[in-house]
Amino acid sequence: MGCDLWLNIAFDFTRSNMDPSETRSLHYLDSDNVYMKVIDDVIPLLLQYDPDGEVDCFGFSGKLSPQAPTQYAFNLKGNGETCVGSEGVKDAYAETVKSITLSGPTKVVPVMQKVVSMFQGSRLNKSNQRYLVLVIVADGVPVELDQFKEVRAFHKLRNPLEVSLNWLFSANYAGNCRDV
């Protein structure tokens, strides 16, 4: 038996994405927005190596209600449930976009630490080997980029993981600082 993936994805809910009701918003739901395109292009590829088909979905830099403080690591389903397949991820993302208040700044370290903490809490052994993959999708550079690199390097020395930070630029998602 080989090593299975533990797939996670985290979405940026900063104000720089613009109000989801505006057609120019990166979160505009009445068309295939760039976040949905990442889900369609990346998740099916990675799910080929994740036999249970489940994806833990998170958000960061958003407010769960207009008066609430900004949250930097929250589960999109609220109750900690995973999403099943690409369609499950898209559904959870769309429901969150409809209810979230965009905020900021772009901070990714808290969500990375939350996912790694969950991973470390799972029972890994010779018969249950997993490789953690966290895909972070954001429209801008995190304010704590240096800390992100340090924390990622620290955890990579101690855990089987890959953290990919993908930046969205207008209609294309081309930036990737996985190796920065």
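The values are calculated or read from the model by the stated rules, or taken from the named source; none is laboratory data. Fair warning: this is a prediction, and the values are worked out from it, not measured in the lab. Cβ: placed from backbone, ideal geometry, glycine included. Neighbour counts: every protein chain shown. To get the accessible areas, we keep the full protein, side chains included, count just its heavy atoms, and leave off ligands, DNA and RNA. Shrake-Rupley method; radii C 1.70, N 1.55, O 1.52, S 1.80 Å.
For beta carbons closer than 8 Å, sequence separation of 6+ or different chains, a first residue in segment 87-98 that is without any contact (Cβ under 8 Å) to a residue 24 or more places away in the chain and a second that is of a type outside the set (D, E, K, R), the qualifying pairs are Asp91/Cys83; Glu95/Leu76.
For every residue, the table says whether it meets (1) aliphatic (A, V, I, L, M); (2) at pLDDT 70 or above; (3) open to solvent by 10 Å² or more (accessible area, probe 1.4 Å); (4) touching an Asp or Glu at 6+ places or on another chain (Cβ under 9 Å).
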site: Val116; (1), (2), (3), (4): yes, yes, no, no
site: Lys126; (1), (2), (3), (4): no, no, yes, no
site: Ile136; (1), (2), (3), (4): yes, yes, no, yes
site: Leu145; (1), (2), (3), (4): yes, yes, yes, no
site: Pro160; (1), (2), (3), (4): no, yes, yes, no
site: Trp167; (1), (2), (3), (4): no, no, yes, yes
site: Val180; (1), (2), (3), (4): yes, no, yes, no
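Candidates are the residues of segment 62-90 that are part of a strand (DSSP E or B) and of a type in the set (S, T, N, Q); the one that is farthest from the chain's Cα centre (by Cα) is Gln71.
Just for segment 6-24: of the residues that are open to solvent by 10 Å² or more (accessible area, probe 1.4 Å) and touching a helix residue (DSSP H, G or I) at 6+ places or on another chain (Cβ under 9 Å), which one is modelled with the highest pLDDT?
Keep residues of segment 6-24 that are open to solvent by 10 Å² or more (accessible area, probe 1.4 Å), which gives 6, 15-16, 18-24.
Adding the requirement that they be touching a helix residue (DSSP H, G or I) at 6+ places or on another chain (Cβ under 9 Å) leaves 6, 20.
Details: Trp6: 86, Pro20: 95.
Here the answer is Pro20.
Scanning segment 91-110 for residues that are part of a helix (DSSP H, G or I), at pLDDT 95 or above and open to solvent by less than 40 Å² (accessible area, probe 1.4 Å) yields Ala92, Tyr93, Ala94, Thr96, Val97. The set of residues in segment 30-76 that are farther than 27 Å from Tyr131 by Cα and either open to solvent by less than 50 Å² (accessible area, probe 1.4 Å) or among the hydroxyl-bearing types (Ser, Thr, Tyr) (or both) comprises Ser31, Asn33, Gly62, Ser65, Ala68, Thr70.
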